[in-house]
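The values are calculated or read from the model by the stated rules, or taken from the named source; none is laboratory data. Quick caveat: nothing in here was measured; it's all calculated off a predicted structure. Please note: Cβ atoms are built from the backbone with ideal geometry, for glycine as well, and neighbour counts cover all protein chains shown. Keep in mind that these areas ignore ligands, DNA and RNA; they rest on the heavy atoms of the full protein, side chains included. Shrake-Rupley method; radii C 1.70, N 1.55, O 1.52, S 1.80 Å.
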Amino acid sequence: MSSHITNGSKAPLVPTNNVTTLAGVTVRTRIDPALTVEDVVKQLVIQLGVRLEPDETPLHYALRDDTDELVTNENLRRKIKNKVNLKLVNAPAKEAREIAEKLRRRQDKNMRLILYSLQKYIREEQFANEFLKHGGLAELVAAIDEATGNTLAYALTAMQNLMELQYGWSTLDSAFILRVVQILSSPQSPINVCRPATAILKKLVEADPMSAASPAIASSSRAPPVPPPGSVYRYGFGVVFEQMRKERGFLETVVNRLGSAEMVMAQYSYPSVIWDFFFPGVILNSMMLINALLTHVSDERWDEFIGELERLNVRKAVVRLMNIPDIEDVTSGILDFQANIVRVTHRKKTTAVDPGADASHALALKVIWEKSRMDEEVDEQGHILKWRKLGFENENMSYEFRDVGVLGLECLRRFVETATDFAVLVLEQSSRPFEKRCPIGRASNEVVELLSEHWAIFAPGYSTSTTFQPFFLDFQKVHSLATHFFIRMWGESGAVLADFSRISALVRSQIKVALRIENVRAWQDVEADFNCEYQLVRDRQMQELEREDDLLSKVPVRNLRAKLYKESYEFVRQQRIQCLLQGAWFVIGVSPSSPPRDPSRRPHRPWRFMRLDNGLKYLHYVDSAVKFPVRNGLEDLPDRIDVSMISEIGSAPSLSPLSFSLLSAHEGSLADLIAPDISRWADWTDGLNMLRRDGGHVTSSETADFVQALTEIGLKIKLLDLSGEMVEIPNNLVAGPPPMNTDYFFSDLSG
């Protein structure tokens, strides 16, 4: 059986398509590509003799291909040209009404099949609108509350796909959030259930009022705006965290899924096909949820949440994850986690120590003092002598930790608690003449500053690391090693208090050596470098000093470098985003590990031009057989990708070193592209990462080196006058006492 679908003209014959009717009959059909989909469906309904109900019209039907992709006016010609098999099915609106009604009758034995269909179709706006209009959201929530196993997995996936829309789910309440939290809290929850549940929770965390104005760029204001009625941007960290607190084991379960020993062993216990399909997705979604929580954590819950993550050793879990081979899908999430920990570290460093107001600060100081086994004394002037015995300059701990904040306090406590015998170390220094004592407290704080400089802990939101940094994630352990090294160098060199800056420079030099290429080095190598003898370290440092001016080690210069680093990063960020706004041509690639959703797209149109719109919300593009001059604006770019759907920028080195993929949390690859050169690759991969609300991370070493080069050039320009005149830059500037009399008189000298 065959039919001809034409517009009445004597058009040349077009490729033949097979069309399967609702009754399961397949016919060969010739379709005129000049027609609209609506006209094609009308003629098919008539020619195939489809029986219509009294209230039905041909508009109640639609066409889909074998993958259930809806045929639209935009893709009809391609489907015809490539002879894609088509199916005559219910129109999305009709299908949505029927599914909503079936969900309402939850005794239906085919509930699993109904939800399986729902998860596929809910992504289509026409279907989603009709589904929501007929109360489908409430029925889907009820299904999630009652379902188990694969049925629950399909229901959660349907909700996840629905939440990709920027509307329609603003009525989700705390009971629903708690249900999702409970699902994830259960270690027995299957993998296919955990993946969509984690993605739903992540979406709720990100849907805070701060994101409503612009999901791509973080707002500078901390005061959340009031969301308009019906807006989905009414949730956020606080709403989700309140439900998380009701399930005490929730966060622990998520962290365990992230990098437990069982998860690592699963790679070797399961066939590679099962591992590749399930486990990276579970790890990736858990990583993305933790990153979302870290990015959106509120000030009110910051201490509680960060403290709980630290208690669960989330950093250790991520480091373990770094050691799993062939897990490229999670690389971007790990780098985002590192960037988030940079923010956490910076916040700790800039949080003042206040033992009078914060009990945890007072407790840390108490532990440090008790571990020293020293006794308080009174000096000759009648002042209490306590903290000065541990190498601080005065007894005001808030002042002593002014530059390193809570980070410095936590590091000193870890140093004290892990030292073989801290009391012996303190006693040994106390037995020396005052000038020759190593000031342990000052040394600890100085090491915090040196490590912060090494890992660029300059400001929140700025991270240019393109490689794994396992040693950074154990900041306190490195601090302990470096502080022991500082004390040992002090003793072996016979230093006195006036030599403090000299020993600091020595330690800085050794830190660079010990922490070089940390993504491939082992802990024993770091420990060995911090156990070098003084003379070896000094000889190597002297060689470095011939190439590097000691001026750069001064505290004011460090602060200047931090300021210039932020300015350089922002400059490069704007430059990269400007490249996206201008647009560029790419070769369309197909990742071997991620088959394309439309297998017909590549051979006929191998080129794609992409451009970011001025609102920074959509990537507009056009596929073409040849490159052509693209006009300014978006008129030549009919298709688009929502930037908010891009969860990470992946890569496929096996395809090309210049390849990158725009990955969605649940749809896989939205686009696989190959850049023409390394500069274009760096511009776009880093530009897309920097576009994200949380600042993302830098992908290419080219961009990281660019930021660093701009920082160093700017620093040297700023210092030209000073270094040219050999002006001495002091480490500290001390203001003199205020004037006794403030009754100033200024004479008029203008005349």
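What to note about this one:
- Partner aspartates and glutamates whose Cα lies under 20 Å from the Cα of LYS83, excluding those fewer than 8 positions away in the same chain, are identified as ASP32, GLU38, ASP39, ASP65, ASP66, ASP68, GLU69, GLU74, ASP598, ASP623.
- Net dipole in debye of segment 441-535 [+1 Lys, Arg Cβ; -1 Asp, Glu Cβ; about Cα centre; nearest 20]: 120 debye
- GLU712-LYS617 pseudo-label distance in nm [points 7 Å out on the Cα-to-Cβ vector]: 4.2 nm
- Protein heavy-atom surface of segment 61-144, 1.4 angstrom probe: 45% of the accessible area is carbon and sulfur, with nucleic acids and ligands not counted.
- Computed lengthening from ASP499 to LEU363, 0.36 nm per intervening residue step minus Cα-Cα distance: 45.7 nm
- Translational diffusion coefficient (Stokes-Einstein; Kirkwood radius from C-alpha pairs) of segment 601-643 at 37 °C, 0.692 mPa s, in µm²/s: 303 µm²/s
- FRET efficiency for the pair GLU125 and LEU22, taken as 1/(1 + (r/R0)^6) with r the Cβ-Cβ distance and R0 = 22 Å, rounds to 0.40.
- Listed residue pairs exceeding 30 Å between alpha carbons, taken from LYS512/LYS563; LYS81/LYS133; LYS109/LYS246; LYS81/LYS617: LYS81/LYS133; LYS109/LYS246; LYS81/LYS617
- With R₀ fixed at 45 Å, the C-beta to C-beta distance from ASP354 to ARG516 puts the FRET efficiency at about 0.75.
- GLN166/ASN632 FRET efficiency (R0 25 Å; Cβ-Cβ; nearest 0.05): 0.35
- Seen from all directions on average, segment 306-399 presents a Cα convex hull projection of 8.5 nm².
- Heavy-atom surface of segment 461-504, accessible at 1.4 Å and reported per residue (Å²): 30 Å²
- Bridgeable aspartates and glutamates around LYS102 (alpha carbons under 12 Å apart, same-chain partners fewer than 8 residues away excluded): GLU139.
- Proximal lysines relative to LYS436, as straight alpha-carbon distance under 19 Å, when same-chain residues fewer than 8 apart are discounted: LYS386, LYS389
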